[in-house]
Amino acid sequence: MISNKIEFRVRYSETDQMSYVYHGNYAQYFEMGRIELLRKMGISYKKMEEDGIMLPVINLNINYIKPAKYDDLLTLKTTLEKKPTARIEFSYQIVNEKGELLTTATTTLVFVNMLTNRPTRAPEYLLKQLDL
């Protein structure tokens, strides 16, 4: 449906003794991708929270194909595959400078009303951006 790409370089602090990106850091990379995709659409996490909506992750699936290493320049492609309802699903691909596929992943997040702490529908302004 809609995609965005960002580039970033692996920092030393993100690696283990083998100079590979520590597996737990990928969740942060995917968050960067989601935030920038929504920003590209004119939507901000901060604004959603100010409007009383939070987006906790309820599912994260990662496939590690090849390791990313210290100082690699990575490209993260984030895709919103379908129109959100009370849930929003993203898919991810990370490639290195050689274009080698390193990692694929998906996340599912749920829109939660911060006052009731209950799931709610996606905000109208987000849905309208997808209709453009």
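Every number here is computed from the coordinates shown, using simple stated rules; none is lab data. From a predicted model like this one, the values you see are computed outputs, not experimental measurements. Positions of Cβ are backbone-derived with ideal geometry, glycine not excepted, and every protein chain shown enters the neighbour counts.
Net charge in the neighbourhood of Thr108 (other residues with Cβ under 9 Å of its Cβ; Lys, Arg +1, Asp, Glu -1) is 0. The Arg9 and Glu50 beta-carbon pair, evaluated with R₀ = 25 Å, returns a calculated FRET efficiency of approximately 0.20. Restriction of the GluC sites (Glu not before Pro) in region 43-132 to DSSP coil positions whose beta-carbon has at most 15 other beta-carbons within 10 angstrom yields Glu81, Glu97, Glu100. Only Cα pairs under 8 Å and 6+ residues apart enter the sum, and on that basis the relative contact order of region 2-131 stands at 28 percent.
Seen from Lys40, the other residues with C-beta closer than 13 Å to its C-beta sum to a net charge of +3, counting Lys and Arg as +1 and Asp and Glu as -1. Distance from the Cα centroid of region 33-59 to that of region 103-132 is 8 Å (rounded to whole angstrom). In a DSSP loop and with at most 15 other Cβ atoms within 10 Å, the trypsin sites (Lys or Arg not before Pro) in region 1-99 are Arg11, Lys82, Lys98. What share of Cα pairs, in percent, lie more than 17 angstrom apart in the chain? When all Cα pairs of the chain are counted, 59 percent exceed 17 Å.
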